[in-house]
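Here the structure comes first, spelled out in structure tokens, and everything after it is commentary.
Values quoted throughout were computed directly from the atomic coordinates according to the rules given, and no laboratory measurement underlies them. Remember, predicted model here, so these are calculated numbers, not experimental data. Cβ: placed from backbone, ideal geometry, glycine included. Neighbour counts: every protein chain shown.
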Amino acid sequence: MGEFLELTVDKFTFRFATDRYYHPEGVWALPEGEGRVRIGLSDFAQQSGGDVAFAEVKPVGTAVAFGDEVASVETMKTDIVVPAPVSGTVAEVNPALEMSPEAINEDPYGEGWLAVIAATDWEADRARLLDAQAYLERVREIAEEEMRKR
Amino acid sequence: MSPNRRVMIVPCSGIGKTFGTVSREAAYTVVEDLRPDAAELVALSLLVLGDEEARAAVAEHPTVTIDGCRLACATKMVQESGLPVARSFTVLDAFRKHRDLKPEGISSLNLEGQKLARVLAEEVAEAVDEVVRGET
């Protein structure tokens, strides 16, 4: 895994892996070659959602378009609908999540990955995603807005 | 088995958190309703503050912790005080076993949260029995 950017807001510190792209709704996409794109929740998304109780990913073979629900993550606080950051077909689902969904909290950019998608047009989708710095700035806006509401 | 063996219950002190509320409701149910003769509540905040009476209670009796979330503050605080934890529970694990009981609310839990606290309390009460019998 590459390096990380960090953003601290109040008592919270969020990490952003610089080797991947981000859907604005908090889903990362890591191209792995041959059209395969691994996806998962960003550190900000998992911290905002809280402790994950259940994670359900669409089964292998499911076709998804950019922005379609590809997974749902239920935490103690909320239900997260995870939009696909890339169009394609679900090629792999993280088998560990059934027994250990807490991996999403503990290692969101590693062991807590959600799925691998066989992308139909990664280059086109990538243009709609944010790089780590741009996503960090978006998170900064969201987090500071939340702080102002308190 | 010692009929006079008492078990200390240390719940999460997460004020303002739904799962913290569930942990404390479960603890109250154990010490006030299910096992009033065997279980006793110790406030985590007293342990954090180094209260001698609370620390002595945990040091002298087996302790069961009830954490709200994976941060496990109750369990960690007891352990970091150099004291043993006989059994530990989390609201998150209880919710994973009872997905239909999603708790909501803070000062007042919804019905599902109250039921979750109850089933968690029953699990803790069974653990108290095992600890009293010397099985843990």
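Side notes on the structure shown:
- So B:SER23, is it buried (at least 18 other Cβ atoms within 10 Å of the Cβ), without any contact (Cβ under 8 Å) to a residue 40 or more places away in the chain and closer than 14 Å to B:GLU123 by Cα: no
- A:GLU106 being within 12 Å of another protein chain (Cβ to nearest Cβ) and surrounded by fewer than 17 Cβ atoms within 10 Å (Cβ to Cβ): yes
Quick grid of which residues meet (1) assigned to a helix (DSSP H, G or I); (2) within 14 Å of another protein chain (Cβ to nearest Cβ); (3) farther than 27 Å from A:GLY49 by Cβ:
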site	(1), (2), (3)
B:PHE19	yes, yes, no
B:ASP33	yes, no, yes
B:ARG55	yes, no, yes
B:VAL58	yes, no, yes
B:CYS69	no, yes, no
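- Pair list, Cβ under 6 Å, 6 or more apart: the range A:6-29 residue loosely packed, with under 15 Cβ neighbours inside 10 Å, other residue among the small types (Gly, Ala, Ser) and not in a strand (DSSP E or B): A:THR18/A:GLY2; A:THR18/A:ALA132; A:ASP19/A:GLY2
- Taking the criterion of being more than 10 Å from chain A (Cβ to nearest Cβ) and not in a loop (DSSP other than H, G, I, E, B), the residues of the range B:83-93 that qualify are B:ARG87, B:SER88, B:PHE89.
- Residue match in the range B:71-82 (condition: within 13 Å of chain A (Cβ to nearest Cβ) and more than 21 Å from B:HIS61 (Cβ to Cβ)): yes
- Top-ranked residue in the range A:52-80 [being loosely packed, with under 14 Cβ neighbours inside 10 Å and within 11 Å of chain B (Cβ to nearest Cβ); ranked as nearest to the chain's Cα centre (by Cα)]: A:ASP79
- Within the range A:15-38, the set of residues being of a type in the set (Val, Ile, Thr) and under 13 Å from A:PRO108 (Cα atoms) comprises just one member, A:VAL27.
- Criterion applied to B:VAL124, B:VAL119, B:VAL128, B:VAL85 was being without any contact (Cβ under 8 Å) to a residue 24 or more places away in the chain and under 16 Å from the mean Cα position of the chain (by Cα), and the one residue passing it is B:VAL85.
Residues checked against (1) loosely packed, with under 14 Cβ neighbours inside 10 Å; (2) on the phi > 0 side of the Ramachandran plot; (3) free of Cβ contacts under 8 Å to residues at least 60 places away in the same chain:
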| residue | (1), (2), (3) |
| --- | --- |
| B:VAL7 | no, no, no |
| B:GLU32 | yes, no, yes |
| B:ARG35 | no, no, no |
| B:VAL78 | no, no, no |
| B:SER81 | no, no, yes |
| B:LYS102 | no, no, yes |
| B:GLY105 | no, yes, no |
| B:SER108 | yes, no, yes |
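- Note on the range B:94-136: among residues that are touching a Leu at 6+ places or on another chain (Cβ under 9 Å) and closer than 14 Å to B:THR63 by Cα, the one that is farthest from the other protein chains (Cβ to nearest Cβ) is B:VAL128.
- Test set (1) surrounded by 15 or more Cβ atoms within 10 Å (Cβ to Cβ); (2) more than 14 Å from chain B (Cβ to nearest Cβ) - A:ALA127 fails condition number: (1)
- Test: residue in the range A:33-50 that is surrounded by fewer than 20 Cβ atoms within 10 Å (Cβ to Cβ), under 21 Å from B:LYS97 (Cβ atoms) and basic (Lys, Arg): no
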